[in-house]
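Some notes on the structure that comes next.
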Amino acid sequence: MKFTKLATIGTLAVSIVGLSACNNIMPAKKAPMPAKQASAQAQQAPAQNAAMAKMNVVQVAQSNPEFSTLVEAVQAAGIAGPLANPDANFTILAPTNAAFAQALQETGMSKEQLFANKPVLTKILGYHVINGAAPVYAKDVKPGNIMMLSKDTLMVTPEGKLMDESGRTANILQTDIAASNGVVHVIDKVLLPQ
């Protein structure tokens with residue numbers, strides 16, 4: 001699905017605060033992965049430490065160079081402030097830089113084109129966020145559909161993958177990176193709503 005097709009949705013601006021969703025997002029168990037894949041993923045995913053738990057979800061992303069494109073996107077959409085809300089309980093599905101590069105290649109858009117289309121960018125970023133009563137950790141997850149902040153549905157498959165509304169699946173590279181206002185889970189694809 002092309003980002004340009006998403007632009008026809010109109011100027012839907014997603015409010016980053018005040019929406020709630022159900023609490024079943026990350027798989028409770030993951031199948032063991034081959035050693036080579038685990039090693040490659042460990043290089044891409046940030047290490048959890050006590051200092052990160054004191055950071056908000058935006059600061060967690062800013063602290064790792066593998067999220068530089070995500071941080072740029074959040075800033076371009078103008079949502080860094082709301083995502084830094086200390087009273088929120090965000091669950092963030094954070095795509096890596098490689099995931100953004102793949103999505104841009106897949107859609108034929110440049111990063112500049114995507115970032116210039118604030119309504120589309122905001123909708124896509126909202127499709128990576130749950131704002132619920134509490135952050136959703138891996139142990140709390142069951143397969144099924146969940147409503148994301150963008151008001152679009154994301155499915156957790158029985159195999160523990162995430163399937164977007166376009167039928168694309170994302171793998172979870174790392175779970176449960178605690179932040180002061182939520183939790184971050186690292187994924188290998190940019191999720192695309194309809």
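The values are calculated or read from the model by the stated rules, or taken from the named source; none is laboratory data. Please read all numbers here as calculations on a predicted model, not as lab measurements. Cβ coordinates were reconstructed from backbone atoms using ideal geometry, including for glycine residues, and neighbour counts include every protein chain displayed. Heads up: the accessible areas ignore ligands, DNA and RNA and are worked out on the full protein's heavy atoms, side chains in. Shrake-Rupley method; radii C 1.70, N 1.55, O 1.52, S 1.80 Å.
Structure notes:
- Size of charge dipole - the range 76-194 - debye, nearest 20, with Cβ of Lys, Arg +1 and Asp, Glu -1, no other charges: 100 debye
- Å² of accessible area per residue within the range 61-165, as computed with a 1.4 Å probe and no ligands counted: 41 Å²
- Mean Cβ neighbour count within 10 Å, used as a protection proxy, ranking 162-170, 129-137 highest first: 129-137, 162-170
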